[in-house]
Each structure stands twice: as structure tokens, then as C-alpha cells.
1. Mind checking the full-extension length gain between Phe14 and Asp56? Use 0.36 nm per residue of separation minus the Cα-Cα distance, one decimal, nm.
2. Report the Rg/Rh value for the chain, based on alpha-carbon coordinates and the Kirkwood definition of Rh.
3. Taking the highest mean first, how do the peptides 198-209, 56-67 order by number of other beta carbon atoms within 10 angstrom per residue?
4. Report the relative contact order of the range 107-220, percent, no decimals, based on alpha-carbon pairs under 8 angstrom and at least 6 residues apart.
5. Give a quick list of chymotrypsin sites (Phe, Trp or Tyr not before Pro) in the range 70-174 that DSSP marks as loop, anything other than H, G, I, E or B, with at most 13 other Cβ atoms within 10 Å.
6. Determine the percent antiparallel among the DSSP beta bridges restricted to the range 9-219, to the nearest 5.
7. Would you mind calculating the relative contact order of the chain from Cα pairs under 8 angstrom and at least 6 residues apart, reporting the percent as a whole number?
8. Could you run the Karplus curve 6.51 cos²θ - 1.76 cosθ + 1.60 with θ = phi - 60° over the range 194-200 and give me ³J(HN,Hα) per residue in whole Hz, x for Gly and Pro?
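Just so it is clear, none of the values below were taken in a lab; they were calculated from the coordinates. If you're wondering where the values come from, they're calculated on a predicted model, not measured in any experiment. So basically every Cβ, Gly included, is an ideal-geometry build from the backbone, and we count neighbours across all protein chains shown.
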Amino acid sequence: MIHGLAETPYHMRFIAAAVATAGYEVAQVTYPSTLLPMENLIADHIAPQINALAADGSKLHFVTHSLGGVLLHAFLQGRRLDNLGRVVMQAPGLHGSETLEVFRRNPLFSWLYGPAARQSGTGSDGFATHLPHHVDYEVGIIAGCVSFDLLPLFFVPPPHDGKISVGRTKIAQMTDHIVLPTSHDSMMHDPLALLQTVRFLQQGHFLHLLRPRASAALAA
């Protein structure tokens, strides 16, 4: 499990419980998300913990939320794990977040949420902008299309989850993608998102309720 910005493993507790119930051994990767730039978060916190978990050679799957997906994608560019399994990313800003592009300009927000938040926008200086926009590992991505905040309606193109538009969660050569009626911050404990997370870990694809052709068109 890799949590997101301004979160802790506590925020991943429902996902962890669902995955553990499905028979997986769960480990939490934690990092001080509001204190350091993304480069330092990866080098000083994410990489050492993942390398330690991968050392015994067991199949290693990942479930991430929001910023956690961006950090994992960046980590995998520098170190390919021989025992890498499947990856589920919930609401990843793989092309930056429209909401953070606006909020990061606010000095108070910037002070509260730190350098990683300032790097999470959609501009040319955004961290995700400089990452490869394709994957070569097995990944399923869950996006939300419900927002409980009114402000993002003015600057985030629909459909979106209140933080990130659905289009910015997609990446070339992803294994599967699904859009669920949940918000960015409620996805971690949304029952349908939990079901789909476990489904991908077990079978390598989500449960699409539409016909396959319609589902493929929706994800395109």
C-alpha cells in the first residue's frame, strides 16, 4: 500500500483490510508527503522500503492512492523489480492535477501541503510532466467521476473526482481502466472501488458491467 498526499497508512486501512481478506499479506509504505520534494520522497523513503520488501523474492503487488501512484511510477523508471506483480492505482495524477495547479499558487496551501503539492500541477514544471507517459508493467487504474466540492467545477474539466479529471488518470499501454461513481477522497473506502481493486489483483482486469466493446471505448 502506498498512500497519497497529506495521508498516512490509516487512510489505506479499508483497502488493506479488503486485500488481506482476499488472502494477501499487506505492508504499508509510508513517507512524509508534505515535507519533501518528490525526488527526495522517492530516494529517501519510497525506494528503501520497496527494495526491502522485494528482497525476499516474493511476488510484490502494489495498491496506491493519488500521489502514491505517481511516486511508484517514478520509482519503477529507475528500478525494475524482477518480482513485480500487479499494480492498482486509485485516482493517480499521472499527468498532474488541475486542482493542485490552481491551489499550489496559494501561499497558505503551499505552506501546509509542502513541496510535493507544488510539484503536482499540470504545468511544464510539474513532476509528472517529466515522467514517461506509458507503462511497461501490469497496471489497472481506477478513476472517480463524482465531486463533493463546488470550486473544482470552475477549472477541472468533467468528468472528474474533485481533484483530477478522468483523462489525466490514463496512461498509454495501461492494462485496464475503469471509472467509478466516487470522489477522490472517498475512493479509498468506497465498496465498489475496493471490489475492483481486489478483482484486478486477482485476475488482472476489472469487472466491467458494460459490454466489452463499450467498455473499451469508454477507456479510450
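1. 12.5 nm
2. In the chain, Rg relative to Rh is 0.94.
3. 56-67, 198-209
4. Once divided by the residue count of the range 107-220, the mean separation gives 22 percent.
5. Loop-located and lightly packed - Phe148, Phe155.
6. 5
7. Dividing the mean separation by the residue count of the chain yields 20 percent.
8. Calculated HN-Hα couplings, in order: 5, 4, 5, 4, 5, 4, 5 Hz.
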